[in-house]
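Presented below is the structure to which this report refers.
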Amino acid sequence: MCSGRVDLEFVLRAFLNGMDGVFVGGCRLGECNYVTHGNYYALNMVLLCKRLLEHIGLNPDRLRIEFMSSAEGILFARVMNEFSRQVRELGPLGESEGIDRQELRSRLTEVISLVPYIKIVKNEKLASRLESPEEYDKLFSREEIDRLFSEVVSYYIDPEKCQACMICARRCPVEAITGAKNQIHVIDQETCIKCGTCYEVCPPKFNAVTKIVGGPVPLPLPEEERVLVRG
Ligand code: SF4
Ligand code: SF4
C-alpha cells in the first residue's frame, strides 16, 4: 500500500534471489495522503541501498525509485520501459561487475544480516525529508558506508562478570541470549541484531556486557563451563 513499507531487506533479498534490477514506485513526494509520508522513507532507503550495493561491488543503477500518481499511466510505462532497457544493458547481476556467483551470494547475505543494525545506526537519516534532488547524493557518503562496515559493533558477555540475573535475556528482542538461573549468559552472535539493549540493561554493579567496535568477538564459554560459582 505504501512505498514506506518496502524494507531495505526486501530489496537486498530480491537481488539475492536473482533479480537483475529492482524498481520501487511511490506517490509523489509531499502528496502523501497520510501523516506518515512513507515515500520519503522509501527514498532514503533506496539512497542508502544504492550505497550498500556500491560497497559490495554492484552497480547502483540496478535499483531505481520514482514517484508518480496512480493516474500517470503513460509516465509509469515510460519509466518501466526505460528501466528494463537499462537493466538489460547491465546484464545479469554480478556478471558485468565481475563478481562470481558464490561470492555475490556471500556479500549480499552478509549485508542482509546487518540490516537491523544498519537501520538502527542510520535511523535518523532514514527518517529525514529531503527537499530537493540535489540533496540525494549527499545523504549517505561512500566513506560513511565504508566506516559503517569497518566499525560494526558486537556485544559480548564477560563470563567473569555475569551474575546470571537474567535481565538481558528477558529484554533481548530476538532471543539471542542463552542463559538460566545460576548459568552464565552467552550471546549468539548469529542471531544478535546489535540493538545494544543488553548493554543498556545489564545492572551497572555487574557491568558484564562489553561493546566491541570493529573487532573480533571472543568465543562463547563452552556449555559445560557456564555454571555460576558465586564467591
Ligand atoms: S545486542 Fe540486542 S539483539 Fe544482541 S544480544 Fe544484546 S539485546 Fe540481544
Ligand atoms: S544482565 Fe548482565 S549480569 Fe545479568 S545475565 Fe545479563 S549479562 Fe549477566
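The values are calculated or read from the model by the stated rules, or taken from the named source; none is laboratory data. As the structure is a computational prediction, the values presented were derived from the model and not from experiment. Neighbour counts are summed over all protein chains in view; Cβ atoms, including those assigned to glycine, are modelled from backbone coordinates with ideal geometry. Accessible surface is based on the protein model in full, side chains and every heavy atom, while ligands, DNA and RNA are left aside. Shrake-Rupley method; radii C 1.70, N 1.55, O 1.52, S 1.80 Å.
Among the hydroxyl-bearing types (Ser, Thr, Tyr) and open to solvent by less than 50 Å² (accessible area, probe 1.4 Å) - does that describe any residue in the stretch 202-216?
Within the stretch 202-216 (the criterion being among the hydroxyl-bearing types (Ser, Thr, Tyr) and open to solvent by less than 50 Å² (accessible area, probe 1.4 Å)), the answer is no, since none of the residues qualifies.
Every residue, every condition in (1) under 27 Å from Arg5 (Cα atoms); (2) modelled with pLDDT under 95, yes or no:
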{"site": "Ser154", "(1), (2)": "no, no"}
{"site": "Cys168", "(1), (2)": "no, no"}
{"site": "Cys172", "(1), (2)": "yes, no"}
{"site": "Ile177", "(1), (2)": "no, no"}
{"site": "Glu223", "(1), (2)": "no, yes"}
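Can you name the residue in the stretch 13-42 that is hydrophobic (A, V, I, L, M, F, W, C) and more than 19 Å from Gln86 (Cα to Cα) and, of all such residues, is most open to solvent (accessible area, probe 1.4 Å)?
Val35
On the given criteria, is Leu104 buried (at least 17 other Cβ atoms within 10 Å of the Cβ), more than 16 Å from ligand 1 (Cβ to nearest atom) and of a type in the set (A, V, I, L, M)?
For Leu104, the condition - buried (at least 17 other Cβ atoms within 10 Å of the Cβ), more than 16 Å from ligand 1 (Cβ to nearest atom) and of a type in the set (A, V, I, L, M) - is met.
With the requirement that a residue be open to solvent by less than 40 Å² (accessible area, probe 1.4 Å), assigned to a loop (DSSP other than H, G, I, E, B) and either within 16 Å of ligand 2 (Cβ to nearest atom) or among the charged types (D, E, K, R) (or both), what does the stretch 131-174 give you?
Scanning the stretch 131-174 gives Asp158, Pro159, Cys162, Ala164, Cys172.
Identify all residues within the stretch 170-200 that are among the hydrophobic types (A, V, I, L, M, F, W, C) and within 8 Å of ligand 1 (Cβ to nearest atom); write none if there are none.
Residues satisfying the conditions are Cys172, Val174, Ala176, Ile177, Ile187, Cys192, Ile193, Cys195, Cys198.
Here is a list: Ile177, Ile212, Ile187. Which entry is free of Cβ contacts under 8 Å to residues at least 24 places away in the same chain and touching a strand residue (DSSP E or B) at 6+ places or on another chain (Cβ under 7 Å)?
Answer to the check: Ile177.
Look at Ala127 and say whether it is under 25 Å from Leu8 (Cα atoms), in contact with a helix residue (DSSP H, G or I) (Cβ under 9 Å, 6 or more places away or on another chain) and not β-branched (Val, Ile, Thr).
yes
Which residues, taken from the stretch 120-130, are open to solvent by 60 Å² or more (accessible area, probe 1.4 Å) and touching a residue at least 24 places away in the same chain (Cβ under 8 Å)?
Ile120, Val121, Lys125, Ala127, Arg129 - these are the residues of the stretch 120-130 that are open to solvent by 60 Å² or more (accessible area, probe 1.4 Å) and touching a residue at least 24 places away in the same chain (Cβ under 8 Å).
So, Leu48, is that one touching a Leu at 6+ places or on another chain (Cβ under 9 Å) and free of Cβ contacts under 8 Å to residues at least 40 places away in the same chain or not?
No.
Would you mention how many residues in the stretch 51-66 are open to solvent by 10 Å² or more (accessible area, probe 1.4 Å), in contact (Cβ under 8 Å) with a residue 24 or more places away in the chain and either part of a strand (DSSP E or B) or within 21 Å of Val79 (Cα to Cα) (or both)?
Of the residues in that region, 5 qualify.
Out of curiosity, is Lys211 modelled with pLDDT of 95 or more, closer than 25 Å to Val121 by Cβ, more than 7 Å from ligand 2 (Cβ to nearest atom) and not acidic (Asp, Glu)?
The answer is yes for Lys211.
Write out, first by first residue and then by second, each pair whose Cβ atoms fall under 8 Å of each other, whose residues are 6+ apart or on separate chains, and whose first residue, in the stretch 138-156, is on the phi < 0 side of the Ramachandran plot while the second is among the polar types (S, T, N, Q).
Leu139/Asn44; Leu139/Ser128; Ser154/Gln189; Tyr155/Thr210; Tyr156/Thr210
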